[in-house]
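The values are calculated or read from the model by the stated rules, or taken from the named source; none is laboratory data. Given the structure is predicted, the values throughout are model-derived calculations rather than measurements. Please note: Cβ atoms are built from the backbone with ideal geometry, for glycine as well, and neighbour counts cover all protein chains shown.
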Amino acid sequence: MKTRKIMAILLVLCMMITVFAACSNNNNNAVEPTTAPKPVVEDSDPAPAEPQGLDISKKVELEFWMLGGAPKDLPKIEAEINKMALEELNATVKFNFTTWTDWEQKYRLMLTSGQKVDLIFTAEWTQYQQYAKQGAFMALDDLLPVASPKLYEFVPQEMWDAVRVDGKIQTVPATWKEYVTTGIVYREDLRKKHNLPIPIDATTYEQYMAGIKANEPTIEPMANGVNASSVFHDGAHRETQKDLIVSNGVLPYGLEILYKTPEVVTSYYGSPEQLADLKLYKSWADQGFWSRNALTRQDSPQDLLLSGTAASIPADNPNRYNETLIKIKAAHPDWDLGYSAFPLQRGYAIPVHPIHNGFAIPKSSENPERALAFYEKMVTDKRYNWLTEYGVEGTNFEVAEGKYYKMLGTTETNGFPREAMQGWAWRNPEFQLYDKSFDSVLAMFAEFDKMAVPDKYLSFAEDQSAYQAERAALEQVEKQYLQPLMLGLVPDVEKGLATFLDKAKEAGLEKIQAEWTKQWLVYVTENGIK
């Protein structure tokens, strides 16, 4: 008993000593603040600090990929960007471009071969949804708040939600509201000179092109080629086309859906409408409205217009129309361009979906956090943004009247015209500079706002896994048999269409259309699309 009492007393004494020691330590901290850690003092250096949690101890080089051609002054821009990126992120960046020749094959190879790519452009027309569905891109949900918190806050939450595929954010969307609906671009100075009609549909466009052919025999009436061979398929030249669900392109695999009836899917391929269209294109080709070498030429329609080779583009969006206008005014001050917007014929316009312009981090990236941190600079830091959108101020451009972009020199002498890097995805409305001529496009957008309707299509993520082989085979059939038909290069249209349909069915067209339609109807039902 005595032993137990002694042990109990000792235990109590030990507990009391521990409590007193703890109290003593707390009191010491309270009365002696000099022993506490010193508070962190914010760096007065104006250069932005690295995002919290981002490790930049190791120097890295990022591989940044854009579509199209590289501007002449790209090395100068890259050097200036890398001076800042090296100091602020311990990173350098290599800007790479695919060119517009076979870009689809190059793009596919980059995303499937394991090639090191840190940042790559995405859009619905580069099949963002499909590649995301296949796991080509990293999920960014957890990376964004750590590597690019400012960018994460800058993009509205509804835009992040709009680009999700299978519930995951897999690209960084552009935030500028625009319309990329199509319309006819034409030489307005030539139209006035020869008293030709404004081309707004197939009839007036044919009259315009016939007038150009008769009065300007050295100029092709239409800038056509493999990239422009869809001609009016997304236009307004026949009644049923006015209501297609996609306003700036066509559905894949020859399918059609009207805006008011999204649950009804039909095939354009083999329809009476397709045959009528192909006969129209054949008659235009026979009248010499475009070059017989259209399938093999490498020039873009915009380049053909700028060089004076052609007098119109059958379908282009308002922004690119304005870019072409700027270049033409710089090179040929006495020329002028006009634009006939298809939404004005349709009676409705669809604003651009957040998916339309974006940047993703492929699975092959070795430095995803640093890539996001760099892209944050591109979007939210005016120094990076202006350099990569407009070039060097005082060399490539100047700010006119306090708000307008003005290109210095001509298209031949200026090595970095506006958005020469195809920087559509990192446009920041707070920093954007427009050419004064863009006021007319902004006025057009204001008109479109009055007739705007929701995008019903771009949130649909097609799963191609069930028909991947058939899809690849169909692509080849379309290139070999359909494109020559659309350019009027096949003597017998009916026979040529029958051959195309036979080859397309052999490639698996019916299976593809059936599987795609099944997925679409599930999407329509699950999302209440009406």
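Structure notes:
- One residue stands out among those in region 382-441 that are modelled with pLDDT of 95 or more and among the β-branched types (Val, Ile, Thr): the one that is farthest from Leu74 (Cα to Cα), which is Val399.
- Within region 475-530, helices (runs of 4 or more DSSP H) holding 1 or more residues that are closer than 22 Å to Leu458 by Cβ and hydroxyl-bearing (Ser, Thr, Tyr): 509-526
- Restricting Ala276, Ala294, Ala315 to residues that are of a type in the set (Gly, Ala, Ser) and in a loop (DSSP other than H, G, I, E, B) narrows the list to Ala294.
The rows are residues; the columns are (1) in contact (Cβ under 8 Å) with a residue 24 or more places away in the chain; (2) within 19 Å of Leu482 (Cβ to Cβ).
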{"position": "Leu255", "(1), (2)": "yes, yes"}
{"position": "Tyr259", "(1), (2)": "yes, no"}
{"position": "Pro262", "(1), (2)": "yes, no"}
{"position": "Ser267", "(1), (2)": "yes, yes"}
{"position": "Ser271", "(1), (2)": "no, yes"}
{"position": "Ala276", "(1), (2)": "yes, yes"}
{"position": "Lys279", "(1), (2)": "yes, yes"}
{"position": "Trp284", "(1), (2)": "yes, yes"}
{"position": "Gly288", "(1), (2)": "yes, no"}
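- Members of region 501-523 that are in contact (Cβ under 8 Å) with a residue 60 or more places away in the chain and surrounded by 18 or more Cβ atoms within 10 Å (Cβ to Cβ): Leu501, Ala504, Leu509, Ile512, Gln513, Trp516, Trp520
- Look at region 93-118: where a residue is closer than 10 Å to Phe64 by Cα and outside any loop (DSSP other than H, G, I, E, B) and a partner is at pLDDT 95 or above and among the small types (Gly, Ala, Ser), sitting 6+ places away or on another chain with Cβ atoms under 7 Å, you get Val93/Ala85; Phe97/Ala70.
- Selection status of Ala466, in contact (Cβ under 8 Å) with a residue 40 or more places away in the chain and not in a loop (DSSP other than H, G, I, E, B): yes
- Some residue of region 156-174 being within 20 Å of the chain's Cα centre (by Cα), over 18 Å from Ile120 (Cα atoms) and of a type in the set (A, V, I, L, M): yes
- Residue in region 234-270 that is modelled with the lowest pLDDT, counting only those that are touching a helix residue (DSSP H, G or I) at 6+ places or on another chain (Cβ under 9 Å) and hydroxyl-bearing (Ser, Thr, Tyr): Thr240
- The condition (being buried (at least 20 other Cβ atoms within 10 Å of the Cβ), among the polar types (S, T, N, Q) and touching a strand residue (DSSP E or B) at 6+ places or on another chain (Cβ under 6 Å)) is satisfied by just one residue among Asn385, Asn414, Asn396: Asn414.
- Restricting region 323-378 to residues that are part of a helix (DSSP H, G or I) and of a type in the set (Lys, Arg), the residue that is nearest to Ala139 (Cα to Cα): Arg370
- Given (1) surrounded by fewer than 21 Cβ atoms within 10 Å (Cβ to Cβ); (2) touching a strand residue (DSSP E or B) at 6+ places or on another chain (Cβ under 8 Å), number of the condition Asn319 does not satisfy: (2)
- Selection from region 424-452 of residues that are under 22 Å from the mean Cα position of the chain (by Cα), assigned to a loop (DSSP other than H, G, I, E, B) and surrounded by fewer than 21 Cβ atoms within 10 Å (Cβ to Cβ): Arg427, Asn428, Pro429, Glu430, Phe431, Gln432, Leu433
- Qualifying positions in region 36-66 - touching a Ser or Thr at 6+ places or on another chain (Cβ under 7 Å) and modelled with pLDDT under 95: Pro51
- Applying a threshold of 8 Å to beta carbon distances and a minimum spacing of six or more residues, or different chains, the list of pairs starting in region 167-191 at a residue that is free of Cβ contacts under 8 Å to residues at least 40 places away in the same chain and ending at one that is acidic (Asp, Glu) reads Lys168/Asp141; Ile169/Asp141.
- Scanning region 485-500 for any residue that is surrounded by 16 or more Cβ atoms within 10 Å (Cβ to Cβ), of a type outside the set (Ser, Thr, Tyr) and closer than 29 Å to Thr112 by Cα turns up nothing.
- On the stretch given as region 338-370, residues that are under 22 Å from Gln157 (Cβ atoms) and either within 18 Å of the chain's Cα centre (by Cα) or not charged (D, E, K, R) (or both) total 13.
- Inclusion of Ile212 among residues that are modelled with pLDDT of 95 or more and part of a loop (DSSP other than H, G, I, E, B) is not warranted.
- Residues being within 19 Å of Gln468 (Cβ to Cβ), more than 14 Å from the chain's Cα centre (by Cα) and buried (at least 19 other Cβ atoms within 10 Å of the Cβ) - total across region 85-129: 2
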